[in-house]
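Here's the structure we're looking at; comments come further down.
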Amino acid sequence: FMRKSFTLVELLVTSAIIMIMLGITIAYSQKGEGINKVNRSVERIAFDIRRIANLSMQTRQIGDKKVCGWGIVFDESKTNQYIIFSDFCEGESIRGDKRFSEAEIHEVVKLNWGVVIKEFDINMLMYLPPEPRLEIYDEYDNLANDGLISLTTVAGNFVKSISINQAGMISTK
């Protein structure tokens, strides 16, 4: 009588098919993970922009220094982070200098691992109380009407952008 069983060739072919499918699944999930990281980083930047608008309405003083505005600054040499800062008033003035300095750092926000800022035409965003009024500064420190920040994975296989206008409207694409 004959036994029914798999031959060695059938087992090897089945194993090869399973390995190919597993490789495709792993590659797809890694790409999906990169897309999710970029999306989370975009949402974090949008959240922080809204947060500095709220801070500019609420915060009047930090320690003994009077706050005249809140901002976010982007540095082209550090594409994996941005800085949230408070613009301190100068002396008795009710105005700050609308410039970032190391002494004004409130928080350094690092993007998710594997995500970088690909390009931006915004050097700094600044919310000024009490309204708050948004001022957008381009890479030449000139006032701009709007700005764009694009994030990507380190591999560069997915890009998502945030645009913001002078009214403070944020959109992603």
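The values are calculated or read from the model by the stated rules, or taken from the named source; none is laboratory data. Predicted model, so just to flag it, every value in this text is computed and none were measured. Methodologically, a virtual Cβ is constructed for each residue, glycine included, from the backbone with ideal geometry; neighbour enumeration extends over all protein chains shown. To get the accessible areas, we keep the full protein, side chains included, count just its heavy atoms, and leave off ligands, DNA and RNA. Shrake-Rupley method; radii C 1.70, N 1.55, O 1.52, S 1.80 Å.
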### Task
Give the angle, between 0 and 90 degrees and rounded to the nearest 10, that separates the Cα long axis of helix 8-58 from the longest principal axis of the Cα atoms of the chain.
10
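How large is the dipole of the stretch 1-101 about the Cα centre if only Lys and Arg carry +1 and Asp and Glu carry -1, each at its Cβ, rounded to the nearest 20 debye?
360
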### Task
Tell me which label goes with the value of mean projected area of the Cα convex hull in nm² computed from the coordinates here: (i) 14.7; (ii) 10.5; (iii) 9.0.
(i)
### Task
Evaluate E = 1/(1 + (r/R0)^6) for Asp138 and Lys31, where r is the Cβ-Cβ distance and R0 equals 35 Å; express this FRET efficiency to the nearest 0.05.
0.60
### Query
Points 7 angstrom from Cα along the Cβ direction at Gln166 and Ile17: gap in nanometres?
6.4
### Query
So how much accessible area does Leu125 have, in Å² to the nearest 10, using a 1.4 Å probe?
0
### Summary
Farthest towards the positive end of the dipole of the stretch 46-141, among Leu134, Met57, Ser77 and with Cβ unit charges of +1 on Lys and Arg and -1 on Asp and Glu, lies the Cα of Met57
#### Entry: Heavy atoms of Phe100 accessible to a 1.4 Å probe, total area in Å² rounded to 10
60
### Task
Round to a whole angstrom and tell me the spacing of the C-alpha centers of the stretch 98-116 and the stretch 148-162.
18
### Query
Top to bottom by accessible area (1.4 Å), largest first, where do Trp70, Trp113 land?
Trp113, Trp70
### Query
Hey, if you put +1 on the Cβ of every Lys and Arg and -1 on every Asp and Glu Cβ in the chain, which of Phe120, Ser101, Val154 ends up farthest toward the positive end of that dipole?
Val154
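List the relative contact order of the chain as a percent without decimals, with contacts defined as Cα pairs under 8 Å and 6+ residues apart.
Across the chain, relative contact order equals 19 percent.
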### Task
Give me the accessible area of Glu43, 1.4 Å probe, in Å² rounded to the nearest 10.
100
#### Entry: Charged-residue dipole, Cβ positions (Lys, Arg, Asp, Glu), the chain about Cα centre, Debye nearest 20
1100
